Amino acid sequence: MSNFAVILPAAGASQRFSDKNYKKPFAPLAGRAVWLHSAERFLARPDVKQLIIVVADDDREEFDRKFGANIAILGVDVCRGGAERADSIQNAIELLQDGIDMVAVHDAARPCLADKWIDWVFEAAVKHGAAILAVPEPATLKRVGTDKAIVETVDRKGLWQAQTPQVFRRELLVKAYAARGEQTATDDATLVEQLGEKVKVVEGSPLNLKLTTRDDLRLAEQVLKVLPKPKGSGVNPFADDDMWR
């Protein structure tokens with residue numbers, strides 16, 4: 001069995017979240033902070049040997065005050081955030097323990113996970129070296145100019161919305177970040193693609209939503225009610241697996 005580490009980037013500015021009290025990974029959701037929903041899904045897995053949450057310097061004191069007990073009990077490593085997302089992931093990579101074979105990166109503000117989706121993308125990454133969750137683009141896409149007028153309608157055939165987890169062989173992710181230089185990237189798969197490596201796409205679910213605004217918290221709370229319970233909860237989480245495909 002491969003040994004996985006999971007990186008949860010939570011060092012962003014959360015500008016569109018528009019909450020003076022919380023950044024989105026730390027906002028309360030169904031009785032616990034957003035990031036804890038994701039962390040607990042991964043930490044319940046026997047193949048996950050390390051979990052690293054990346055926190056901005058400006059948030060570290062408050063984070064330690066609010067979540068210090070959770071960090072200690074769960075055995076989570078806390079990493080310093082960087083100026084850009086890619087800098088944060090680079091910092092976390094440097095904290096990977098010996099014996100880690102595979103690395104998953106998952107948005108801390110994407111709390112609505114099902115164990116089966118993690119199973120699928122982990123299995124694909126072990127087999128192919130790199131895999132991400134994604135969903136086919138369902139909408140009609142318009143390219144819009146600076147004058148807010150439509151320039152063209154974009155063919156959505158073959159277009160998918162990238163999600164997380166994004167999972168890679170350790171050495172592949174390390175190589176991708178070593179080669180990036182000063183380049184920024186909105187996701188890790190982009191850097192791996194630029195090495196000329198193939199990244200397998202595993203179909204996820206629209207329910208695996210990423211929080212952007214405060215309204216998304218209400219939607220996420222409803223999604224959590226219908227998702228299968230985590231492994232180890234005493235409830236069979238996959239009584240109807242096909243429902244989550």
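The values are calculated or read from the model by the stated rules, or taken from the named source; none is laboratory data. What you are looking at is a predicted structure, and each value in this text was computed from that prediction instead of being measured. So basically every Cβ, Gly included, is an ideal-geometry build from the backbone, and we count neighbours across all protein chains shown.
Tell me the residue from ALA72, ALA13 that is hydrophobic (A, V, I, L, M, F, W, C), surrounded by fewer than 21 Cβ atoms within 10 Å (Cβ to Cβ) and modelled with pLDDT under 90, please. Criteria check complete, one pass: ALA13.
Just to check your reading of the model, which residue among ARG32, ARG85, ARG110 is buried (at least 21 other Cβ atoms within 10 Å of the Cβ) and either out of contact with any helix residue (DSSP H, G or I) (no Cβ under 8 Å at 6 or more places or on another chain) or of a type in the set (Lys, Arg) (or both)?
ARG110
For the range 188-207, a residue qualifies if it is within 21 Å of ILE100 (Cα to Cα) and surrounded by 18 or more Cβ atoms within 10 Å (Cβ to Cβ), and the qualifying residues are ASP188, ALA189, LEU191, VAL192, VAL199. Among the residues of the range 114-126, is there at least one that is in a strand (DSSP E or B) and either over 24 Å from ALA220 (Cβ atoms) or modelled with pLDDT under 95 (or both)? No, the range 114-126 has no match at all.
ALA83 meets the conditions (1) in a helix (DSSP H, G or I); (2) closer than 25 Å to THR186 by Cβ; (3) of a type in the set (A, V, I, L, M, F, W, C); (4) free of Cβ contacts under 8 Å to residues at least 24 places away in the same chain in every case but one. The failed one is (1). Within the range 177-197, which residues are assigned to a helix (DSSP H, G or I), within 18 Å of the chain's Cα centre (by Cα) and not acidic (Asp, Glu)? Within the range 177-197, TYR177, ALA189, THR190, LEU191, VAL192 qualify.
Checking ARG214, ARG156 one by one, the residue that is surrounded by 14 or more Cβ atoms within 10 Å (Cβ to Cβ), modelled with pLDDT under 95 and over 17 Å from SER38 (Cα atoms) is ARG214 and no other.
For ALA149, the conditions (1) loosely packed, with under 13 Cβ neighbours inside 10 Å; (2) more than 30 Å from MET1 (Cα to Cα); (3) among the small types (Gly, Ala, Ser); (4) touching a strand residue (DSSP E or B) at 6+ places or on another chain (Cβ under 9 Å) all hold with the exception of (4).
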